[in-house]
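*Asks:* Handing you a structure now.
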Amino acid sequence: MGHLATLISDLALLLVVAGITTLFCKKINQPMVIGYILAGFLIGPVVSFIPTIGDSANITLWAEIGVIFLMFSLGLEFSLHKLVTVGATGVISALVQIIGMLILGIILGLAMGWSTMDSIFLGGMLSMSSTMITIKAIEDMGLKEERFTGLAIGTLVIEDIVAIFLLVILSTISVSQGVSGMDLVFTIAKLMFYLVLWLILGIYLIPSFLQKTQDLMSDETLLVTSLGICFAMVWLADAIGFSTALGAFLAGSILAGTIHGERVEHLVVPCKDLFGAVFFVSVGLMVVPSMLVEYFIPILILTIAVIVGKAVLLVLGMVAAGEDLRTSMYGAMSQTQIGEFSFIIANLGIGLGVTSGFLYPVIVAVSVITTFTTPFFIKSSEKAVAILEILIPDQWKEAMQRYRQERMATQKEAKNPEWKAFFKGYATRFFIYGVLLLGIGEIGLQILYPALNTIIGRETLDAVITCILIYTVMIPMLPPMVLSKRRNFTTLWLQSYANRLPLIVLLGVRIAAAVFLVMRPAYVLLHIPAWLLMIAALPLVIYLSRSKAVIGRQLEMEAHFLLNFNEKKLQEFQENTGGKKHAWLDEQLMVESYFCPEGSEAIGQTLKALQWGRIFQVNIIKIVRGETHINIPEGDETLRAGDILYVLGTEKTLTNFSLMNGYRDVLLESAETPVTLHRFIEGQDNDDEAHQLFMCAVPVKKESGLSGVSIRDSRIKSEWSANLIGIERGVLPILNPAPDFMLNTNDLLWVLGSQRMGQCLIQKGLL
């Protein structure tokens with residue numbers, strides 16, 4: 001009971017004093033963080049007229065839990081979608097600031113005679129601005145709607161991501177007591193590998209679990225489950241050798257993308273506030289006045305370095321990214337402070353025993369001072385801009401304006417070129433599926449094989465079973481690893497003969513990587529010669545990557561992942577469209593008409609032979625031949641001179657289709673500008689009903705015989721006389737699905753056809 005009594009008395013003291021100090025800070029319009037630090041100082045050993053903490057070990061433990069909750073909450077506020085929307089300005093300004101302040105901190109530390117490790121950690125602490133303080137200052141001043149606010153938040157998002165990497169790198173440097181280039185590269189590569197693996201598996205599994213248990217999730221159950229996921233990720237990160245902060249941040253960012261994200265964030269607030277308060281109070285406990293007096297000059301130097309250094313570097317970064325001087329200055333001045341991440345880095349150094357005792361109170365003092373000065377500097381941004389306008393020569397102003405205009409023009413010109421789209425898809429799929437294949441192999445080799453060895457204890461049998469299980473999971477990953485998206489690849493292939501050699505080389509790289517990753521488990525476990533494995537693996541990888549069954553399974557998995565990843569965004573889209581559930585059909589699907597002139601190479605060829613659907617991902621939904629209307633033409637339909645073709649696709653696919661016709665001696669001529677599918681259907685009012693096309697939704701039921709069947713095998717076109725133009729799976733819209741895509745129960749199939757389609761669906765009991 002004695003230990004419990006000490007814990008309770010310490011908590012009572014901590015929370016009461018913290019409550020009083022935060023009230024005081026609220027009164028003078030300062031962040032609550034300052035109040036917590038002040039509370040820690042008051043209940044520390046320095047102030048004698050207030051009781052002191054009895055057992056600091058308890059407070060340290062609670063403070064570590066506080067870091068976990070702070071990082072978990074930061075992840076919940078972050079969401080992976082924010083990273084996509086940050087833009088070049090946020091990335092450039094954040095990296096310029098971080099690298100600049102990191103170098104400046106190391107130089108200042110060494111110049112003041114501090115140790116190498118102290119200087120490195122100092123650089124890390126100075127490079128991190130405070131998300132909490134910046135946002136609080138902006139909100140208090142009513143500047144949330146200003147343009148610079150979005151840029152500042154984008155910069156802070158990148159800083160938060162870099163901070164996670166920085167924690168891992170600093171931990172590695174601390175353990176090795178030095179900077180080894182290869183060790184650092186290995187650590188970063190290992191971090192990237194596990195980061196991608198965790199995110200992919202987390203996004204694939206966690207939202208699915210929450211969806212299936214949605215009806216059972218009360219607030220209490222959701223809180224317990226979310227915290228369970230958080231601490232499981234923390235344990236996993238620690239077991240692998242990374243910081244607990246990384247695991248907590250990842251758990252939060254995964255949950256942020258689910259429809260429960262905001263609810264979890266709301267439920268976690270009391271826990272975060274309680275344990276976060278303990279953490280910041282523990283920061284205040286480290287403040288020693290005698291040290292502050294002793295290190296007054298370094299504190300002053302570092303404070304000036306933070307304010308001036310961050311302001312200059314962020315302005316330079318934002319101007320370099322193409323922003324105007326005023327926006328850049330406001331964005332920079334809002335981040336002239338250090339905060340919570342600096343404390344976490346300082347705490348890491350203390351925990352690892354690699355930093356000196358004076359560094360913590362020094363950085364706390366710098367943080368407190370810069371927190372107080374941040375609102376003042378935001379208010380003075382306009383004056384700073386006016387002064388700079390006077391000081392900067394006219395030639396420089398003109399050069400900056402020209403640079404900004406040229407950069408904006410370059411960005412506009414660079415939008416959606418084919419090679420850019422191809423490389424983006426190539427790199428993304430290659431990296432993600434490469435990591436997955438490598439991760440599956442590593443899990444099999446490092447976890448599964450030792451476990452089977454313990455249970456069965458027969459080396460050869462254990463190895464064979466492990467290989468079978470590894471390859472069973474690997475097979476669906478091969479098609480996207482090996483093959484590029486057909487639309488981009490085909491467009492570039494037909495566009496120019498000069499494109500073909502680089503495309504072949506890039507395809508060869510993908511195949512070689514896939515073969516290596518497939519070979520590795522068998523080579524390690526079964527000790528089969530590499531040359532023999534290569535001979536066997538190469539044709540097998542090529543065959544499996546083109547297998548319809550494998551592609552169908554892979555497409556289903558990819559759709560499931562996309563549904564989970566975009567769940568929250570899709571939900572928000574539906575809400576924002578005023579309940580118009582199927583708005584995506586109207587907005588994304590377009591119809592364009594083409595005329596088949598005399599002399600066209602297309603005359604006399606069947607639609608199947610032309611392969612427009614496979615190459616360009618478009619559908620020929622109608623052919624008008626004089627007075628004859630051929631709705632949803634079959635593949636054996638032969639084109640004639642004078643035919644008018646109505647082609648369905650997205651804006652992108654129709655653009656590629658038009659370009660490709662131009663490259664090949666004008667197969668077809670565009671007859672009318674594209675219109676939305678919705679407008680096209682409405683525009684048929686004056687046509688004979690027998691000539692009209694209709695659109696309807698068909699639900700996939702268990703008894704329909706469509707569940708578990710690929711689109712190719714469903715015979716929708718041949719039996720229903722319809723084109724499948726899209727699928728709704730939950731809230732996920734899937735446009736122009738691939739023929740090997742597998743249908744599931746409760747899918748909603750959007751089909752386009754004539755009166756014959758309607759009669760067929762009624763006869764089958766599907767409508």
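The values are calculated or read from the model by the stated rules, or taken from the named source; none is laboratory data. Just so it is clear, the model here is predicted, and its values are computed rather than measured. All Cβ positions, glycine included, derive from the backbone under ideal geometry; neighbour counts span all protein chains shown.
*Asks:* Can you say whether I387 is loosely packed, with under 15 Cβ neighbours inside 10 Å, out of contact with any Lys or Arg (no Cβ under 9 Å at 6 or more places or on another chain) and outside the structural domain of M71 (by TED's automatic domain parsing), as far as the supplied structure shows? It would help to see each step written out before you state the result.
*Replies:* Details: loosely packed, with under 15 Cβ neighbours inside 10 Å: yes; out of contact with any Lys or Arg (no Cβ under 9 Å at 6 or more places or on another chain): yes; outside the structural domain of M71 (by TED's automatic domain parsing): yes.
It is true that I387 is loosely packed, with under 15 Cβ neighbours inside 10 Å, out of contact with any Lys or Arg (no Cβ under 9 Å at 6 or more places or on another chain) and outside the structural domain of M71 (by TED's automatic domain parsing).
*Asks:* Another question about this same structure. Residue by residue through the range 218-245, note down the ones that are crowded, with 18+ Cβ neighbours inside 10 Å and more than 18 Å from W62 (Cα to Cα).
*Replies:* So in the range 218-245, the residues crowded, with 18+ Cβ neighbours inside 10 Å come out as 222-223, 225-227, 229-230, 233-234, 237, 242-245.
L222, L223, T225, S226, I229, M233, A237, F242, listed by residue number.
*Asks:* Would you please name the residue that is surrounded by the most Cβ atoms within 10 Å (Cβ to Cβ), looking only at residues in the range 730-754 that are farther than 19 Å from W612 by Cα and polar (S, T, N, Q)?
*Replies:* Across the range 730-754, the extreme among qualifying residues is S754.
*Asks:* Tell me which residues, restricted to the range 82-104, are small (G, A, S), at pLDDT below 80 and either outside any helix (DSSP H, G or I) or buried (at least 20 other Cβ atoms within 10 Å of the Cβ) (or both).
*Replies:* Within the range 82-104, the subset small (G, A, S) is 87-88, 90, 93-94, 100.
Filter once more, so that each one left must be at pLDDT below 80: 87-88, 90.
Answer for the range 82-104, where residues must be small (G, A, S), at pLDDT below 80 and either outside any helix (DSSP H, G or I) or buried (at least 20 other Cβ atoms within 10 Å of the Cβ) (or both): just G90.
*Asks:* Would you check which residues across the range 634-656 are surrounded by 20 or more Cβ atoms within 10 Å (Cβ to Cβ) and at pLDDT 85 or above and list them?
*Replies:* Residues satisfying the conditions are L639, D643, L645, Y646, V647, L648.
*Asks:* Does D219 meet the test of being touching a residue at least 12 places away in the same chain (Cβ under 8 Å) and of a type in the set (D, E)?
*Replies:* Working: touching a residue at least 12 places away in the same chain (Cβ under 8 Å): yes; of a type in the set (D, E): yes.
Yes: the conditions hold for D219.
*Asks:* Which condition number does G351 fail, the rest of (1) surrounded by 24 or more Cβ atoms within 10 Å (Cβ to Cβ); (2) free of Cβ contacts under 8 Å to residues at least 24 places away in the same chain being met?
*Replies:* If we test G351 against (1) surrounded by 24 or more Cβ atoms within 10 Å (Cβ to Cβ); (2) free of Cβ contacts under 8 Å to residues at least 24 places away in the same chain, just (1) comes out false.
Condition check ((1) assigned to a loop (DSSP other than H, G, I, E, B); (2) surrounded by fewer than 23 Cβ atoms within 10 Å (Cβ to Cβ); (3) of a type outside the set (S, T, Y)) across all residues:
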residue	(1), (2), (3)
A12	no, yes, yes
V33	no, no, yes
Y36	no, no, no
V46	yes, yes, yes
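*Asks:* Could you list, in sequence order, the residues of the range 713-729 that are crowded, with 16+ Cβ neighbours inside 10 Å and under 22 Å from K608 (Cβ atoms)?
*Replies:* Taking the range 713-729 first, the residues crowded, with 16+ Cβ neighbours inside 10 Å are 714, 716-717, 720-729.
Residues satisfying the conditions are S714, I716, K717, W720, S721, A722, N723, L724, I725.
*Asks:* Moving on to the next point. Residues that are out of contact with any His (no Cβ under 9 Å at 6 or more places or on another chain), modelled with pLDDT under 80 and under 23 Å from A549 (Cα atoms), at least 2 per element: which helices (runs of 4 or more DSSP H) completely within the range 418-526 meet that? Steps first, answer last, please.
*Replies:* Working: elements: 418-443, 449-455, 459-474, 478-482, 486-495, 500-526.
In the range 418-526, 418-443, 486-495 are the helices (runs of 4 or more DSSP H) which contain 2 or more residues that are out of contact with any His (no Cβ under 9 Å at 6 or more places or on another chain), modelled with pLDDT under 80 and under 23 Å from A549 (Cα atoms).
*Asks:* Another question about this same structure. Please specify each residue of the range 692-706 satisfying the condition of being assigned to a loop (DSSP other than H, G, I, E, B) and either surrounded by fewer than 16 Cβ atoms within 10 Å (Cβ to Cβ) or more than 37 Å from the chain's Cα centre (by Cα) (or both). Walk me through it before giving the result.
*Replies:* Going residue by residue through the range 692-706, those that are assigned to a loop (DSSP other than H, G, I, E, B) are 692-693, 700-701, 705-706.
Within the range 692-706, Q692, L693, K701, G705 meet the criteria.
*Asks:* Within the range 587-624, count every residue that is in contact with a Gly (Cβ under 7 Å, 6 or more places away or on another chain) and of a type in the set (K, R).
*Replies:* Qualifying residue count for the region: 1.
*Asks:* Give the residues of the range 612-635 that are under 16 Å from N723 (Cβ atoms) and either in a loop (DSSP other than H, G, I, E, B) or aromatic (F, W, Y) (or both), sorted by residue number. Before you say what the answer is, go through the steps one by one.
*Replies:* Let us first name the residues in the range 612-635 that are under 16 Å from N723 (Cβ atoms), namely 612-614, 616-623, 629-635.
Once the filter is applied, which keeps residues that are under 16 Å from N723 (Cβ atoms) and either in a loop (DSSP other than H, G, I, E, B) or aromatic (F, W, Y) (or both), the range 612-635 yields W612, F616, Q617, V618, I632, P633, E634, G635.
*Asks:* Just need a number here: residues in the range 135-176 that are within 14 Å of Q335 (Cα to Cα), of a type in the set (S, T, Y) and at pLDDT below 75.
*Replies:* 1
*Asks:* Is it fair to say T52 is at pLDDT below 80 and closer than 19 Å to N347 by Cα? Full working, then the answer.
*Replies:* Details: at pLDDT below 80: yes; closer than 19 Å to N347 by Cα: no.
No: the conditions fail for T52.
*Asks:* What do you reckon, is A277 within 18 Å of I164 (Cα to Cα) and either buried (at least 19 other Cβ atoms within 10 Å of the Cβ) or in the same structural domain as G40 (by TED's automatic domain parsing) (or both)? Even if it seems obvious, please write down each step before you answer.
*Replies:* On the way: within 18 Å of I164 (Cα to Cα): no; either buried (at least 19 other Cβ atoms within 10 Å of the Cβ) or in the same structural domain as G40 (by TED's automatic domain parsing) (or both): yes.
No: the conditions fail for A277.
*Asks:* What do you reckon, is L300 surrounded by fewer than 21 Cβ atoms within 10 Å (Cβ to Cβ), assigned by TED's automatic domain parsing to the domain that holds A152, part of a helix (DSSP H, G or I) and modelled with pLDDT of 85 or more? Step through it out loud before you land on a result.
*Replies:* Values: surrounded by fewer than 21 Cβ atoms within 10 Å (Cβ to Cβ): yes; assigned by TED's automatic domain parsing to the domain that holds A152: yes; part of a helix (DSSP H, G or I): yes; modelled with pLDDT of 85 or more: yes.
So L300 fits the description; yes.
*Asks:* Take the range 329-371 and flag every residue that is over 26 Å from the mean Cα position of the chain (by Cα) and either among the hydroxyl-bearing types (S, T, Y) or not assigned by TED's automatic domain parsing to the domain that holds V315 (or both).
*Replies:* Result: Y330, T336, T355, S356, Y360, S367, T370, T371.
*Asks:* Restricted to the range 710-767, and to residues that are basic (K, R) and part of a loop (DSSP other than H, G, I, E, B), which residue is nearest to I621 (Cα to Cα)? Full working, then the answer.
*Replies:* Here is the first cut: in the range 710-767, the ones basic (K, R) are 712, 715, 717, 729, 756, 764.
Among the residues that remain, those that are also part of a loop (DSSP other than H, G, I, E, B) are: 715, 764.
Details: R715: 17, K764: 23 Å.
The extreme case among them is R715.
*Asks:* If I ask for residues that are within 25 Å of P361 (Cβ to Cβ) and either modelled with pLDDT under 85 or of a type in the set (V, I, T) (or both), which ones from the range 303-324 would you list?
*Replies:* T303, I304, V306, I307, V308
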